[in-house]
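The values are calculated or read from the model by the stated rules, or taken from the named source; none is laboratory data. Keep in mind that what you see is a predicted model, and the values were worked out from it rather than measured. Every residue, glycine as well, gets a Cβ built from its backbone with ideal geometry; the counts of neighbours run over all protein chains shown.
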Amino acid sequence: MRKHPVAHIPDGVLSAPVLMAGAAVTAAGLARGLRELDPVRVPRVAVLSAVLFVASLVHFPAGLSSVHLLLNGLGGIVLGWAIFPAMLVALVLQAVLFGFGGLLSLGVNTMDMAVPGLLAGLIFRHLWRDRSPGLFGALAGGGTVAVTAVMVAGVLALSGREFETAAQLVLLTHLPVMAVEAAFTAAVISLLARVKPEMLRAPP
């Protein structure tokens, strides 16, 4: 039996209020992200969306399920609010092509990954100021995974007591992912700070 990634919540799991709340948050973020797009930033969003999609295909076993790289911290730093449309496109393709997550739960799954990425980007740009990009990149990468895991666990717990064990599993299985993403994001952000620092600054 194929293992289902724990960060991709399938349809039929979450309660209706949780689904509606996730859809509302994602719709608001999507509207803001689309308003910020311009011809210069569209290719960047397309590339990052492809990266987010590919990252989800590299799975690591975690008990009865599996985990994978999220890279939403990197996406939030580079894209800002545009991480919402980039993440939504990636999740739609994952759901349609590979059955990861579901279409009804797209709003919640997008929220769980885009909101922490957006926060990581805002905090990174506030603290970075052209110093220690690798350190702040590592904190953003690892911290974003932690916040995503907490949000996924939270929406599961809010949907019923029967999902409390699954919520705990989400938190535990993402501990090694935090370390990997911290190292990867630090390396990428350090490179961008040297060769393309404008990608790490807030859009005008």
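What to note about this one:
- Test: residue in segment 175-187 that is surrounded by fewer than 15 Cβ atoms within 10 Å (Cβ to Cβ) and more than 21 Å from LEU52 (Cα to Cα): no
- Residues in segment 62-116 that are under 21 Å from PHE184 (Cβ atoms), crowded, with 24+ Cβ neighbours inside 10 Å, out of contact with any Phe, Trp or Tyr (no Cβ under 6 Å at 6 or more places or on another chain) and of a type in the set (A, V, I, L, M): LEU70, LEU71, LEU74, VAL78, LEU79, ALA82, ILE83, ALA86, MET87, LEU91, MET113.
- Filter result for VAL58 (touching a strand residue (DSSP E or B) at 6+ places or on another chain (Cβ under 7 Å) and crowded, with 23+ Cβ neighbours inside 10 Å): no
- Criterion (in contact with a helix residue (DSSP H, G or I) (Cβ under 8 Å, 6 or more places away or on another chain), on the phi < 0 side of the Ramachandran plot and modelled with pLDDT of 90 or more) met by exactly one of LEU71, LEU19: LEU19
- Residue in segment 123-141 that is under 21 Å from GLY29 (Cα atoms), under 14 Å from the mean Cα position of the chain (by Cα) and touching a residue at least 60 places away in the same chain (Cβ under 8 Å) present: yes
- In segment 123-137, the residue that is farthest from ILE77 (Cα to Cα) out of those that are of a type in the set (Gly, Ala, Ser) and surrounded by fewer than 20 Cβ atoms within 10 Å (Cβ to Cβ) is SER132.
- Taking segment 39-58 as the range and being assigned to a loop (DSSP other than H, G, I, E, B) and without any contact (Cβ under 8 Å) to a residue 60 or more places away in the chain as the test, the residues that pass are PRO39, VAL40, SER56, LEU57, VAL58.
- Any pair with Cβ under 8 angstrom, 6 or more apart, that starts in segment 83-94 at a residue that is touching a residue at least 60 places away in the same chain (Cβ under 8 Å) and over 12 Å from VAL51 (Cβ atoms) and ends at one that is of a type in the set (A, V, I, L, M) and surrounded by fewer than 24 Cβ atoms within 10 Å (Cβ to Cβ): LEU88/LEU30; LEU88/LEU106; LEU91/LEU106
- Listed by position, the helices (runs of 4 or more DSSP H) inside segment 99-200 whose residues that are more than 23 Å from GLY12 (Cα to Cα) number at least 2 are 106-127, 133-158, 175-195.
- Residues located in segment 138-151, provided they are closer than 10 Å to PRO116 by Cβ and either surrounded by fewer than 24 Cβ atoms within 10 Å (Cβ to Cβ) or charged (D, E, K, R) (or both): GLY143, ALA146, VAL147, VAL150, MET151
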